[in-house]
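The values are calculated or read from the model by the stated rules, or taken from the named source; none is laboratory data. From a predicted model like this one, the values you see are computed outputs, not experimental measurements. Because the Cβ atoms are built from the backbone with ideal geometry, glycine has one as well, and the counts that use them run over all protein chains shown. SASA here: full protein model, heavy atoms, side chains in, ligands and nucleic acids out. Shrake-Rupley method; radii C 1.70, N 1.55, O 1.52, S 1.80 Å.
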Amino acid sequence: MTAPLASVLFVCVHNAGRSQMAAGFLRHLAGDRVEVRSAGSAPGERVNPSAVAAMAELGIDIADQRPKVLTAETVRASDYVITMGCGDACPVIPGKRYLDWALEDPAGKGVEAVRPIRDAIRARVEALVAEIDAGRTA
């Protein structure tokens, strides 16, 4: 087995919605080509049920995921750090590629309201996979 092309960390406040959906999409789209992590600056108790349901509509199961706390070690171990509204709580470590995805927080929203957020995340993850794959051939 070859080493992953990159390691990606998705960060949002509660690690219960946006970052979990992004991680689910990246695992689904890139498989073992990319190491996937997610974390939150103030993790919630569980993944947002509307996010789980919205992802399940596309055949991606994130129901077994659990919110995790963001640590400097997790950031250090990642090539890409993608923030989604975690503010100043995200540590900045030189040499990492930081991207900030301004996405609406799905907390407290029903599945109908989460779908457009999910779809925006998917489009960004697809572009990220293309960027990572392009880096392999560069």
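General remarks:
- All conditions but one from (1) exposed (fewer than 13 other Cβ atoms within 10 Å of the Cβ); (2) more than 16 Å from the chain's Cα centre (by Cα); (3) over 28 Å from residue 112 (Cα atoms); (4) not small (Gly, Ala, Ser) apply to residue 71; the one that does not is (2).
- Any hit, the range 94-111, residues being closer than 13 Å to residue 15 by Cα and out of contact with any helix residue (DSSP H, G or I) (no Cβ under 6 Å at 6 or more places or on another chain): yes
- Looking across the range 24-33 at every residue that is of a type in the set (A, V, I, L, M, F, W, C) and buried (at least 24 other Cβ atoms within 10 Å of the Cβ), the one that is nearest to residue 61 (Cα to Cα) is identified as 25.
- Any hit, the range 76-87, residues being aliphatic (A, V, I, L, M), modelled with pLDDT under 95 and either surrounded by fewer than 21 Cβ atoms within 10 Å (Cβ to Cβ) or over 13 Å from the mean Cα position of the chain (by Cα) (or both): yes
- Looking only at the range 1-46, and only at residues there that are basic (Lys, Arg) and within 8 Å of the chain's Cα centre (by Cα), the one that is farthest from residue 125 (Cα to Cα): 37
- Residue match in the range 46-54 (condition: open to solvent by less than 70 Å² (accessible area, probe 1.4 Å), modelled with pLDDT of 95 or more, hydroxyl-bearing (Ser, Thr, Tyr) and within 25 Å of residue 135 (Cβ to Cβ)): no
- For residue 5: the one exception among (1) open to solvent by 50 Å² or more (accessible area, probe 1.4 Å); (2) over 14 Å from residue 128 (Cα atoms): (2)
- Taken together, the criteria exclude residue 8 from residues that are touching a Pro at 6+ places or on another chain (Cβ under 7 Å) and among the β-branched types (Val, Ile, Thr).
- Residue under evaluation residue 62, criteria (1) closer than 23 Å to residue 5 by Cβ; (2) at pLDDT below 95, criterion not met: (2)
Residues are listed down the side, and each one gets a yes or a no for (1) in a helix (DSSP H, G or I); (2) open to solvent by 40 Å² or more (accessible area, probe 1.4 Å); (3) among the hydrophobic types (A, V, I, L, M, F, W, C):
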site	(1), (2), (3)
10	no, no, yes
16	no, no, yes
35	no, yes, no
44	no, no, no
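- Listed by first and then second residue, the pairs linking a residue in the range 116-130 that is more than 16 Å from residue 7 (Cα to Cα) to a residue that is among the aromatic types (Phe, Trp, Tyr) and part of a helix (DSSP H, G or I), with Cβ atoms under 8 Å apart and 6 or more places separating them unless they lie on different chains, are 121/25; 122/25.
- Of all residues in the range 88-107 being aliphatic (A, V, I, L, M) and either surrounded by 15 or more Cβ atoms within 10 Å (Cβ to Cβ) or touching a Lys or Arg at 6+ places or on another chain (Cβ under 9 Å) (or both), the one that is modelled with the lowest pLDDT: 93
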